[in-house]
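Contents: one structure, followed by commentary.
Just so it is clear, none of the values below were taken in a lab; they were calculated from the coordinates. This one's a predicted model, so the numbers in the text were calculated from it and none came from an experiment. Neighbour counts run over all protein chains shown; Cβ positions are idealised from the backbone, glycine included.
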Amino acid sequence: MKIETPIKIYAAIFILFQIFSSFFPSHFNWGVHFFAFQDDLFRIIYLLIVIALFFDSLREKILKSINSILKKIKNTNIKAIPFLITILILAIVSITLPVKTHLLGDGALLLREISNIWMADEIPPAFNHQFLVGITINLIRNFIQIKSLEEAIVFYRYYDFVAGIILITLVFYLFKSLKLKPVEKVLLGVIILCSAGIQLFIGYVENYVFLYVSITALMITGWLTLENKLNIIVPILVFIVAIGFHISSISFLPAILFLIYEKIKINKNLLWIILGAIAGIIIIVLLFLRNKFLYVLDQAILESRWSFLPLSSTKNYFSYTIFSIYHIIDWLNANLLLAPFGLFISICIILIFRNVINRKDSVFIFLTIASVFGLVFTFITHFALGMARDWDFMASFFVPLLFLNVYLIWKINQLNSLSNIVVLFSSLIMLHTSSWLLVNADEQKAINRMSLLNNKKLLGRIPQLNYYETLGSFYYWKSDYVKAKEYFEKYILIESGNPRILGNMAAIYMKLRDNENTFRILKKAALANSPNPGVYINLGVEYSRRGDTSNALKCYLKAIEMDSTRSKAYANMASLFMNQKKYELARENYLKALNLGLNDPIIYRELGYVSYYLKEYQFAVQYFEHYLKFKPDDENAKFMRDNLLLLLNHTESENK
């Protein structure tokens, strides 16, 4: 049987599934439903293109066009042109189609955290299991100050683009080392560089972009080491770096062990060199990064029991059991997004060309081991955000499968030309990825898609909580407090005791001017021992509003005990003391609030009154004048200032 037949059948099924999903998008087809969010014209154009691609004659014309362009480039004698064009394409896409909502992964959380990363030795919580990422970003922040969410977004765009240049460089280095034909470089390059994982390099906010690069580097250096074009120390070093970018990269240890075994077979003395190098690296890590590494390792061990799917019971935590039909559907969607032809192409070539493929070839075995263990990792892991949102973490573990595709096509193409049929599925990969990028680059389309990803069959308790918090926070920052309230209330229905969420809920009720619910939720957050001083400040305001000055004062003191720089707590306490006619205490706390940077004009007005009651008329005039610079229409303040000036002038005249 010719390989073209099963590939065409699979491609047709894939297209039909895309078409079906465009009319009936849901969480159950999250890996392919992107056309549902495009307009009708886009879908019609897509349909016409894919139908045309099934004609052999058109694919031949595409091949001839590619060859013609490549010949013209070759005639320029500038070898760097393809490389520069690829980087230029990445730059254009990065500028025109950056991710807009950051609702996938932990993007929104990271944007808030990255703008205030502590420069201390501790790794911020968002970098658990990724200590090298935290170190890298902290080093960068020594040179670039990030003070706002907007600056954090710009930072990640540059961060992603630099990673993209490294990725492209690695792929070009592999193709140059393998001496591929120019047209093969283009077609095989599409498989690697145009898969959905490329989204990580286009303004995407997450910590996995360099994990993706390091796994790519691991596949390339491992391949070239087995081709005797690199020293084995190189892939070992890359493997250690990959673990630094995420400890889950340890999944590829069997592939590394095979690599070492293959090299030791040839040169047994190499074993001692490798062991010495590994020991040296471990010593360096322990000397310089011991605390960070041990912290990450400790976290991984503590959380390991929640990291993998169970065989039977979900324990009210996991989304599903490992062999559940819902898990299979979820995992197949991940395959369809990240490597839509990956498994099928590999299995197809291995079966159809079983008498041609050298299954004892060390490169084939290395890539197969890496692919299997990468896929197994994605299959057994429990993703706390749900697979649809944790696609970014999974993407790196599909990279070996892409390289196995490249290897198999390259080997078979040397004997049987596959270029024509490769045009079909590489074009479909490009169209598939394009639809994915276009959805993520449009805020409204991304939100519409996100609203579908909440099926409880695919989201366990923790993914549901993460989902509601993410959307609640998103709408809060968009000032859509009604929508934010809707999602946080859904969160509270599942988990009612989270003090952080209760604090957020109270802030929303305050924005909606719902005083009773604000008071109710703030008391609940305080009873839950909220670590947020703002909760106690706001609760103090509510107690004060109800005339309960004793509890209000306790709340303000609690906030100051937690964070002595909370200027609003001092200002609110000063107001209480004013009402109690404790003017000395009122002045003391108003001045503390000012010294801590709270430049609210009302404080100057209140200090004016305090100074008046303390008979410090000169100071009172100064405070009222400062206040009137901001509020020149306040007649009461003008009256007080003018009368005090008259009093001071009269006193001065009498003294003369």
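If the chain between SER177 and LYS268 were fully stretched, how many nm would it gain, using 0.36 nm times the residue separation less the Cα-Cα distance? Could the numbers behind the result be given before it?
Values: separation 91, 0.36 × 91 = 32.76 nm, distance 2.64 nm.
Taking SER177 through LYS268 to full extension adds about 30.1 nm, to one decimal.
Can you list the chymotrypsin sites (Phe, Trp or Tyr not before Pro) in region 1-89 that are in a DSSP coil and have 14 or fewer other beta carbons within 10 angstrom?
Loop-located and lightly packed - PHE54, PHE55.
Once amide H atoms are built 1.01 Å from N in the peptide plane, which residues 5 or more positions from PHE308, or in another chain, come under 5 Å H to H?
Correct list: HIS382.
Take the residue pairs LYS100/LYS524; LYS79/LYS360; LYS456/LYS524 and return only those whose Cα atoms are more than 30 Å apart. Walk me through the intermediate numbers first.
On the way: LYS100/LYS524 35 Å; LYS79/LYS360 35 Å; LYS456/LYS524 27 Å.
Violating the 30 Å Cα-Cα cut-off are LYS100/LYS524; LYS79/LYS360.
Strictly over 23 Å apart at the Cα level, which of LYS185/LYS229; LYS581/LYS615; LYS511/LYS592; LYS478/LYS631 would you flag in this model? Please list the in-between numbers first.
On the way: LYS185/LYS229 19 Å; LYS581/LYS615 14 Å; LYS511/LYS592 27 Å; LYS478/LYS631 29 Å.
Table pairs above 23 Å Cα-Cα are LYS511/LYS592; LYS478/LYS631.
Sort the chain into rounded, prolate or oblate with this rule: let a ≥ b ≥ c be the square roots of the eigenvalues of the Cα gyration tensor; rounded if a/c is under 1.5, and if a/c is not under 1.5, prolate when a/b is larger than b/c, oblate otherwise. Working shown, then result.
Numbers: a/c = 2.36, a/b = 2.17, b/c = 1.09.
Prolate, since a/c reaches 1.5 and a/b exceeds b/c.
So which aspartates and glutamates can LYS265 reach, going by Cα to Cα under 19 Å and dropping same-chain residues fewer than 8 places off?
GLU227, ASP361
Could you sort the peptides 173-181, 254-262 by per-residue average Cβ neighbour count (10 Å cutoff), highest mean leading?
Values: 173-181: 16.1, 254-262: 18.0.
Final packing ranking: 254-262, 173-181.
What trypsin sites (Lys or Arg not before Pro) in region 463-536 are in a loop by DSSP, with at most 13 other Cβ atoms within 10 Å of the Cβ? Walk me through the numbers before you get to the answer.
Numbers: sites: LYS478, LYS483, LYS485, LYS490, ARG500, LYS511, ARG513, ARG520, LYS523, LYS524; in loops: LYS478, ARG513.
Within region 463-536, the qualifying trypsin sites (Lys or Arg not before Pro) (loop, at most 13 other Cβ atoms within 10 Å) are LYS478, ARG513.
Working out 0.36 nm times the residue gap between LEU84 and ARG500, then minus their Cα-Cα distance, what length gain in nm do you get to one decimal?
On the way: separation 416, 0.36 × 416 = 149.76 nm, distance 4.78 nm.
Extra length available between LEU84 and ARG500 comes to 145.0 nm.
Taking the Cβ of each residue in CYS555, CYS348 as the centre, tally the other Cβ atoms inside 10 Å and list the residues starting with the fewest.
Values: CYS555 26, CYS348 18.
Sorted ascending by nearby Cβ count, the order is CYS348, CYS555.
Can you work out ³J(HN,Hα) from phi for every residue in region 39-49, in order, using Karplus 6.51 cos²θ - 1.76 cosθ + 1.60 and θ = phi - 60°, giving whole Hz and x for Gly and Pro?
Karplus-based 3J(HN,Hα) across region 39-49 equals 6, 4, 4, 4, 5, 5, 4, 4, 4, 5, 5 Hz.
Take the alpha carbon atoms of region 1-69, find their center, do the same for region 464-522, and report the distance between the two centers in whole angstrom.
Between the Cα centre of region 1-69 and that of region 464-522, the gap is 42 Å.
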